[in-house]
Amino acid sequence: MLNFNGGTAVSGTSIASTGVYAGVLLLRSGDLAVAVCFLLLTGIYIAIIIATLCRYVINYHRSKHLLHYYYEPK
Amino acid sequence: MSFHSTSNTIVPRGTNINLKNFFVPARYIRSNFNAEETRACALIPAYKPGELTLRLVEDLLRWNPDIVVCVVDDCTPLECKESIRVLEKIRSISSDRVTVIRTPVNRLKAGALNYGLEHIFGAWGKRLPDVILTLDDDVVIVPATVRNLVSALMTHENCGAVCSQCHVLNKNKNLLTRLQGLEYIGFNATRLADEGFFMGPLVMHGMLTAFRAAALREVGRFAEKHLIEDYEITARLKARGWVVKSALDAHAWTIVPEDLSSLWRQRARWSYGGITVVDNVIHLRPVFQDLVGHAAFWATLCAINLLILRMLFEGGGGIPPYIPYLIIILSLLQFAIWYVFQLWLMRMYREKDAYDWLIRISIIPEFAYASSLTLVLVGSYVFLFFKTLSKGVTERSSAFARRIVQMGDSAFRTCGYTESWGTRI
């Protein structure tokens, strides 16, 4: 459940749904400051996800040779 | 170059934050080591051990001809006949490589680990082990697990600890265990992503971690009466300048909670324990990922509240429509990236079956699971708030105030939040 790299704080999948819901609400009515806050927040979340994925992909390729070996417990 | 302070002053290495490492992880410095000359000792704190503990000890000895195993019986009650029988069986293993010691009183996991460390450091004298492995008593390993862990630890020069890949042994039990099985694959992925980023993954888990003995001696004992001593000692290792990592080819399996109540209690302990580690830390680098998580969570909560308040009390206002559309698009993009990656991660899940695929593809069970864990985190914050307020209530306070604190403590304890338990409960 790797949504973003949030340590022991729960990586809530909820920001995606919350973001969509907030966007819809803001379309109907809303405040500019709140809208900018949400925009910043969703931007930060996506930046964290992309950064985490970049690191994952790089480390995965660096350590790919270790992934072949596998046993299952009997 | 000397990296580590031997005094009590914490001297973190490389205090500059390298922005490049957010996207491109740093490489760890490699070094040579002689596997035959490396001495390893496995430390297993056990309380009411079962057959899995016996199997673990036998497997360790069978597959690692030079390892020494120290089982610390954390004062298992003599009435637990089955566990006592298991301990007897371990004692009767005809090998001078196994020691079973018993704590005088129940000291919980961290206490038992410290008791074992005192024994190792005392008994081994000048020939101290190079590597100390800490294992839970219900872990299942495979032949290469320990060898690969030790190799990953010793081939990286400044590495203080290396943890194994976590898998769920009882994942087919029910939906909850399957969800945890999928979640653990995410944990392993997060650890890999964190390699070379802010000194490595956040937590070297207590399930199976190999510590460089010198690093362990430097940071001192495991923190007793702490909710998650593994996170706490990882933070201390990092604060001393040691990096940590996970070993991709060291696999281990554990038993996870099978009912919601046990899972809630476990996660409440992890969640509140994590908050206390962040709360007490001196340097922020060792807990950076957690800080990001907490900050993002609170920012989201504040933004939602602000939105609701503005809508309730001020009604509509004019905002450029592209902003809400941008928010919706970014949220959907985030979801799409997350979903594709989750599907891709399934290739790392060798034990998966059609049921696991169904859970993952359908999203809903994992969404509900993640949301319930968010509630656990909210509870931890409320508990932290309560504990901070109740610090002001002393013996001199009014009977009413003391009664309120007592009732609050009791209510939180019922919900799984307490400061007084150890890892074993």
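The values are calculated or read from the model by the stated rules, or taken from the named source; none is laboratory data. Predicted, not measured: the structure shown is a model, and the values here were computed from it. Here Cβ is always computed from backbone atoms with ideal geometry, including for glycine, and neighbour counts include all displayed protein chains. Protein only, heavy atoms only, side chains kept; ligands, DNA and RNA dropped before computing areas. Shrake-Rupley method; radii C 1.70, N 1.55, O 1.52, S 1.80 Å.
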*Consider B:Tyr417 against the criteria (1) surrounded by 15 or more Cβ atoms within 10 Å (Cβ to Cβ); (2) part of a helix (DSSP H, G or I): it satisfies all of them except one. Which criterion is unmet?*
(2)
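A quick yes/no check of all residues on (1) away from chain A (no Cβ under 13 Å); (2) closer than 21 Å to B:His283 by Cβ:
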site	(1), (2)
B:Pro143	no, no
B:Leu175	yes, no
B:Gly181	no, no
B:Tyr184	no, no
B:Thr190	no, no
B:Gly196	no, yes
B:His205	no, no
B:Leu216	yes, yes
*asked:* For region A:38-57, give me each residue that is within 13 Å of B:Phe341 (Cα to Cα), facing chain B (nearest Cβ under 7 Å) and open to solvent by 20 Å² or more (accessible area, probe 1.4 Å).
replied: A:Leu53, A:Cys54
*Note down all Cβ pairs under 6 Å where the first residue falls in region B:49-75 and is under 21 Å from B:Ala35 (Cα atoms), the second is open to solvent by less than 10 Å² (accessible area, probe 1.4 Å) and in a loop (DSSP other than H, G, I, E, B), and they're at least six residues apart or on different chains.*
B:Leu60/B:Ile67
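Limited to region B:118-149, what total is found for residues that are out of contact with any Cys (no Cβ under 6 Å at 6 or more places or on another chain) and within 20 Å of B:Ser164 (Cβ to Cβ)?
Here is the first cut: in region B:118-149, the ones out of contact with any Cys (no Cβ under 6 Å at 6 or more places or on another chain) are B:118-119, B:121-128, B:130-131, B:133-149.
If we keep only those that are within 20 Å of B:Ser164 (Cβ to Cβ) as well, we get B:130-131, B:133-149.
So the count comes out to 19.
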*Since A:His61 meets every condition but one in (1) open to solvent by 40 Å² or more (accessible area, probe 1.4 Å); (2) facing chain B (nearest Cβ under 7 Å); (3) at pLDDT 70 or above, which condition does it not meet?*
(2)
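Looking only at region B:395-409, count every residue that is surrounded by 10 or more Cβ atoms within 10 Å (Cβ to Cβ) and either within 34 Å of the chain's Cα centre (by Cα) or part of a loop (DSSP other than H, G, I, E, B) (or both) and tell me the total. Break it down stepwise before answering.
As a first pass, look at region B:395-409 and keep what is surrounded by 10 or more Cβ atoms within 10 Å (Cβ to Cβ): B:397, B:401-409.
Pick out the ones that are also either within 34 Å of the chain's Cα centre (by Cα) or part of a loop (DSSP other than H, G, I, E, B) (or both) and you get B:397, B:404-409.
The total comes to 7.
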_Among the residues of region B:209-237, what is the count of those that are within 19 Å of B:Ala252 (Cβ to Cβ) and either assigned to a helix (DSSP H, G or I) or aliphatic (A, V, I, L, M) (or both)?_
7
*Is there a residue in region A:7-21 that is open to solvent by 10 Å² or more (accessible area, probe 1.4 Å) and at pLDDT 80 or above?*
yes
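Restricting the search to region B:354-366, which residues are without any contact (Cβ under 8 Å) to a residue 60 or more places away in the chain and either in a loop (DSSP other than H, G, I, E, B) or crowded, with 16+ Cβ neighbours inside 10 Å (or both)?
Taking region B:354-366 as the starting set, the residues that turn out to be without any contact (Cβ under 8 Å) to a residue 60 or more places away in the chain are B:354, B:357-358, B:361-364.
Across region B:354-366, the qualifying residue is only B:Ile363.
So which of B:Thr209, B:Thr190 is among the polar types (S, T, N, Q) and open to solvent by 20 Å² or more (accessible area, probe 1.4 Å)? Lay out the reasoning, then the answer.
Details: B:Thr209 fails: open to solvent by 20 Å² or more (accessible area, probe 1.4 Å).
Exactly one residue qualifies, and that residue is B:Thr190.
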*Quick one: in region B:131-162, of everything that is out of contact with any helix residue (DSSP H, G or I) (no Cβ under 6 Å at 6 or more places or on another chain) and among the charged types (D, E, K, R), which residue is farthest from B:Asn32 (Cα to Cα)?*
B:Asp136
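Show me the helices (runs of 4 or more DSSP H) entirely contained within region B:245-352 in which 1 or more residues are at the interface with chain A (Cβ under 9 Å from one of its Cβ atoms), within 16 Å of the chain's Cα centre (by Cα) and under 26 Å from B:Glu195 (Cβ atoms).
Values: elements: B:260-280, B:288-313, B:322-345.
Of the helices (runs of 4 or more DSSP H) lying wholly inside region B:245-352, those with at least 1 residues that are at the interface with chain A (Cβ under 9 Å from one of its Cβ atoms), within 16 Å of the chain's Cα centre (by Cα) and under 26 Å from B:Glu195 (Cβ atoms) span B:260-280, B:288-313.
Limited to region B:267-301, what total is found for residues that are touching an Asp or Glu at 6+ places or on another chain (Cβ under 7 Å) and either within 15 Å of B:Pro201 (Cβ to Cβ) or of a type in the set (Asp, Glu) (or both)?
Going through region B:267-301 one residue at a time, the tally reaches 3.
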_Being surrounded by fewer than 22 Cβ atoms within 10 Å (Cβ to Cβ) and among the hydrophobic types (A, V, I, L, M, F, W, C): is that true of B:Leu284 here?_
yes
*Taking the stated definitions as given, is B:Gly273 at pLDDT 90 or above and surrounded by 14 or more Cβ atoms within 10 Å (Cβ to Cβ)?*
yes
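Looking at region B:229-238, can you tell me whether even one residue there is among the aliphatic types (A, V, I, L, M) and within 14 Å of chain A (Cβ to nearest Cβ)?
Here is the first cut: in region B:229-238, the residues among the aliphatic types (A, V, I, L, M) are B:233, B:235, B:237.
In the following step, the residues that additionally are within 14 Å of chain A (Cβ to nearest Cβ) were identified as B:235.
Looking through region B:229-238, at least one residue is among the aliphatic types (A, V, I, L, M) and within 14 Å of chain A (Cβ to nearest Cβ).
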